[in-house]
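> Quick one: the structure is below, and I'll ask about it shortly.
The values are calculated or read from the model by the stated rules, or taken from the named source; none is laboratory data. Given the structure is predicted, the values throughout are model-derived calculations rather than measurements. Neighbour counts are summed over all protein chains in view; Cβ atoms, including those assigned to glycine, are modelled from backbone coordinates with ideal geometry. Keep in mind that these areas ignore ligands, DNA and RNA; they rest on the heavy atoms of the full protein, side chains included. Shrake-Rupley method; radii C 1.70, N 1.55, O 1.52, S 1.80 Å.
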Amino acid sequence: MEMEAAPSPPSCRQRRLGLQDPQPGPSVNPLGSRHSLPNLPLRILVPTQFIGAIIGKEGLTIKNLTRQTQSRVDIHRKENAGAAETPITIRSTPEGCSAACRMILNIMQKEAYDTKVSAEIPLKILTHNGLVGRLIGKEGRNLKRIEEESGTKITISSLQDLTLYNPDRTITVRGSVDVCCRAEVEIMKKLREAFENDASVNQSSGLIPGLSLSTQGIFSSGLSMLPSTSGPHRTLQTAYGPFTGQSACLGGLYGVSSAAPHAHLHTPPEQEVVYLFIPTQAVGALIGKKGQHIKQLTQFAGASIKIAPAESPDVTERMVIITGPPEAQFKAQGRIFGKLKEENFFSSKEEVKLETHIKVPSSAAGRVIGKGGKTVNELQNLTSAEVVVPRNQTPDENDEIFVKISGHFFASQTAQRKIREIIQQAKLHKQKHQLGASGSHQSK
């Protein structure tokens, strides 16, 4: 049972922070008028094992919850199939959101008791990265005050943890249900104030489909990890949820202007091949039971995903071959990075760093390296990825060689895009040279 209606496509501004006004239809929404809802919904992350209890038999529990709290509650199960945690969006007045949150926490606590789950169930609030600074406050004062007054322990996920599997910052509140709810009220009060007052969050443009991540404040060096497009650098933000539908507004990562989203509708995107290396022991988790996870991933990303056979029984890494256009590559690779993190193949304090290989024409290798290694060094400084063009490679039958890229997800993605940009420039230069030579020959 999916508790979310299928509303008409929201505007670009609405998609940025998941602000989709409810539409008339089958969704559980006793509030009626769309205009009575607040601008910023409460979004929480709950263990998937408790979703059945939250919904209840024939949906009675969730219906009762929405009726009592006068809220709309959307449980995003289909978009997050196979994930250990499921996002829930609550839309109501601040008081209604808090009441719904309390009821959900109580339901989970009861279910944990009934099923003898001994692990602590914290409150996890999802929020846009651009709002976190206001919540923390100068020298962490706001967060410390909320902790002291509510009697909770509050942590905020690292910027390095941002992936397609968990694209927002996660605020984790630990304590009893009562103190967690007390903290939720204060946290959301700060986030709503930040949302209303922060023009950088409200007015930004340029979107990447399926990615809810503001690049603001991520890089202390001031360098953008995302490739620049013509004109000023854009801030990149989109709808909440890694599995939202494709947006018509594409942004800087793909070099498509948001002002002309349909400019190239009839030009099929170029297919790219990426070779991603994952730990051998992670292959089963990527494939999933009876191949379900890799099938879902293939469908979600719109890419072909194949796992190459092991070259020997004792290999420590396996190669995943991903074929698809740039957006599909972004989605597929992001989901794989996130899956490895979620399944604990990397520790909670350890960044997921993987090696990827892409092929480039041997004639373009010099451009990737640059004079005296200048280009590849600048590329590494810009992206934080390690980029290596192995020496003495023998080109394959297509006269191509490998470039190795190692780093966390966004570093790897940016390096891939920049290298492909260099390859494209090399192709255009070659074509221009050939046309010039052809014209000169004809004039003779």
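> Which residue is surrounded by the fewest Cβ atoms within 10 Å (Cβ to Cβ), if the candidates are limited to the stretch 93-148 and must be among the hydroxyl-bearing types (Ser, Thr, Tyr) and not in a helix (DSSP H, G or I)?
Here the answer is 118.
> Related question: Quickly run through the stretch 50-66 and pick out the residues that are open to solvent by 20 Å² or more (accessible area, probe 1.4 Å) and under 16 Å from residue 76 (Cβ atoms).
Across the stretch 50-66, the qualifying residue is only 52.
> Pick out the one residue from 393, 333, 329 that is in contact with a strand residue (DSSP E or B) (Cβ under 9 Å, 6 or more places away or on another chain) and either farther than 30 Å from residue 84 by Cα or of a type in the set (Gly, Ala, Ser) (or both).
393
> A further question on this structure: Take residue 240 and decide whether it is at pLDDT below 90 and open to solvent by 40 Å² or more (accessible area, probe 1.4 Å).
Judged against the criteria, residue 240 is not a match.
> Output the number of the condition that residue 117 fails; it satisfies all remaining conditions of (1) farther than 18 Å from residue 187 by Cα; (2) modelled with pLDDT of 85 or more.
Checking residue 117 against (1) farther than 18 Å from residue 187 by Cα; (2) modelled with pLDDT of 85 or more, the one that fails is (2).
> Could you list, in sequence order, the residues of the stretch 86-103 that are out of contact with any helix residue (DSSP H, G or I) (no Cβ under 6 Å at 6 or more places or on another chain) and touching a residue at least 12 places away in the same chain (Cβ under 8 Å)?
87, 88, 89, 91, 92, 93, 94, 97
> Please enumerate the residues belonging to the stretch 277-307 that are assigned to a loop (DSSP other than H, G, I, E, B) and closer than 14 Å to residue 336 by Cβ.
288, 303
> Further, regarding this structure: Would you confirm whether any residue within the stretch 297-309 is open to solvent by 30 Å² or more (accessible area, probe 1.4 Å), in contact with a Ser or Thr (Cβ under 6 Å, 6 or more places away or on another chain) and of a type in the set (Gly, Ala, Ser)?
yes
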